[in-house]
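Below: one structure, written as structure tokens.
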Amino acid sequence: MGRNNQGHVGFIGLGTMGREMARNLIEAGFTVRVFDVLPNAVAELVALGAEPATGPADAARNADVAITMLPDTPQVEEVVLGPGGLLADPPRGRLVVDMSTISPVAARRMADELKAAGIDMIDAPVSGGPVGAKNGTLSIMAGGDAEAFARATPFFEAMGATINHVGGPGSGQAVKLCNQLICGINIQAICEAIALGRAFGVDLDQMRGVLLGGSAASWMLDKLGPSMITGDASAGFRIDLMLKDLRLVQEQALALSVPLPATALVTSQYVEARAHGEGTNGNQALFRVYDRMANQPRHPGNG
Ligand code: NAD
């Protein structure tokens, strides 16, 4: 990642992921103008060298690219299409890149609407979590025109290590939903292995190490396994956000008539977790559902 990049970025949404991604853009040498509805989030980035903006349109003023990293579809639609948003009085040729995880259908609809106004839009959701965002090693899956993807690439390179153009508008979101489906079911599989291993009385740390050396190895077992074993439910990728993504998966599956029984089951288990007040816990806290089913509550932890 070069530190002498030229170019202006408007960055909107400075939460768990966005703040790290904006920081990496600053460190790569870009001029970054930031906005978030939370003034503290803006102040934190200004202290790192960003310029403060008063709203989305102001953040995107003179920008080569406007990047959004927001919770869900309604927030992205508001920031892109709403009053004072990125569609208000746009200079032609502007590029909008949404890196949030939202509905692929909404992403495609927005891209069409912006295209009619002379603006290119790329949907470029990410995988890799807060650690990947911090280290600039995210996997970025982008949907949109090839030419617009090429223009966005130098900015992506400041935030990610695996950068792929996966098709036309909405394709990035479609691939991301497939990613989330695998993540959810994989966490569920690890919960079941830990529940059974614990009942057998095996050393769970050792079991994890052994499994990581074989065909059951996975990112989830590697990165989240330790907290699942120790009973640490604290934050990471929040259960609320996982449920949002699984809802998007289910909506698409229904619309396309694709049966996804395993996704339906794990979604119900996440609903159960949220009903127990764990929406703000990390998604590894699915282990609590298994603890409850086995009537083996562990450390109180968060939530
Ligand atoms: P977050 O809730 O921590 O951050 C979202 C930010 O957007 C907040 O600072 C909020 O104040 C701001 N915001 C909300 N509405 C706004 C508006 N109208 N205008 C300006 N700012 C607004 O969420 P996050 O964890 O950073 O995730 C962002 C997106 O990335 C989500 O779609 C999530 O699914 C996805 N994602 C998250 C992770 C993760 O591990 N946290 C990993 C991959 C993808």
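The values are calculated or read from the model by the stated rules, or taken from the named source; none is laboratory data. What you are looking at is a predicted structure, and each value in this text was computed from that prediction instead of being measured. In this analysis, Cβ positions are derived from the backbone assuming ideal geometry, glycine residues included, and neighbour counts consider all displayed protein chains. For accessibility, only protein heavy atoms count, side chains too; no ligands or nucleic acids. Shrake-Rupley method; radii C 1.70, N 1.55, O 1.52, S 1.80 Å.
Of note:
- Taking the Cα centre of segment 8-168 as reference, the dipole from Cβ charges on Lys and Arg (+1) and Asp and Glu (-1) amounts to some 140 debye.
- One Cα centroid belongs to segment 4-81, the other to segment 108-136; the line between them spans 13 Å.
- Pairwise label distance in nanometres, Ile185 with Lys244, each label 7 Å out on the Cα-Cβ vector: 2.4 nm
- What separates the Cα centres of segment 249-297 and segment 204-230 is a distance of 20 Å.
- Taking the DSSP bridge list for the chain and keeping only pairs wholly inside it, about 15 percent are antiparallel.
- Between Thr137 and Asp89, the simple spin-label model (points 7 angstrom out along Cα→Cβ) gives 4.4 nm.
- Taking packing as the residue-averaged number of other Cβ atoms within 10 angstrom, the listed peptides 105-114, 19-28 run from highest to lowest as 19-28, 105-114.
- Dipole of the chain [Lys/Arg +1, Asp/Glu -1 at C-beta], most positive-end residue of Ala253, Leu81, Ala193: Ala193
- Theoretical ellipticity at 222 nm over the chain - DSSP helices of four or more residues, -39500 (n - 2.57) apiece, nearest 500: -15500 deg cm²/dmol
- Solvent-accessible area, 1.4 Å probe, carbon plus sulfur percent, for segment 175-293: 64 percent
- Ranking Trp219, Ala107, Asn5 by how far each Cα lies toward the positive end of the dipole of the chain (charges on Cβ) leaves Trp219 at the top.
- Membrane-span-like helices of the chain, defined as complete DSSP H segments with a Cα extent of 20 Å or more along the helix axis and a mean Kyte hydropathy of at least -0.5, are identified as 171-200, 239-255, 261-275.
- Computed E for Asp58/Glu78 - FRET, C-beta separation, R0 22 angstrom, nearest 0.05: 0.90
- Residues of segment 274-295 with amide N under 19 Å of the 7 Å Cα→Cβ point at Ala199: 286-295
- Relative contact order for segment 84-211, counting Cα pairs under 8 Å that sit 6 or more residues apart, in percent: 22 percent
- The mean sequence distance of close C-alpha pairs (under 8 Å, at least 6 residues apart), as a share of the length of segment 175-293, puts its relative contact order at 37 percent.
- Hydrodynamic estimate: the Kirkwood radius of the chain over Cα pairs, inserted into Stokes-Einstein at 4 °C and 1.567 mPa s, corresponds to D of 64 µm²/s.
- Dipole magnitude of the chain about its Cα centre (Cβ charges: Lys, Arg +1; Asp, Glu -1), debye to nearest 20: 320 debye
- With contacts taken as Cα pairs under 8 Å at a separation of at least 6 residues, the chain carries a relative contact order of 13 percent.
- DSSP assigns beta bridges within segment 8-168; of those with both partners inside it, close to 10 percent run antiparallel.
- Segment 8-168 - Kirkwood radius from inverse mean 1/r over Cα pairs (Å): 15.0 Å
- Here the extension length gained between Val271 and Glu51 equals 75.2 nm, from 0.36 nm per residue of separation less the Cα-Cα distance.
- Taking all pairs of distinct alpha-carbon atoms in segment 189-288, Kirkwood radius in angstrom: 14.5 Å
- About the centre of its Cα atoms, segment 175-293 shows a dipole size close to 180 debye [charges on the beta carbon of Lys, Arg (+1) and Asp, Glu (-1) only; nearest 20 debye].
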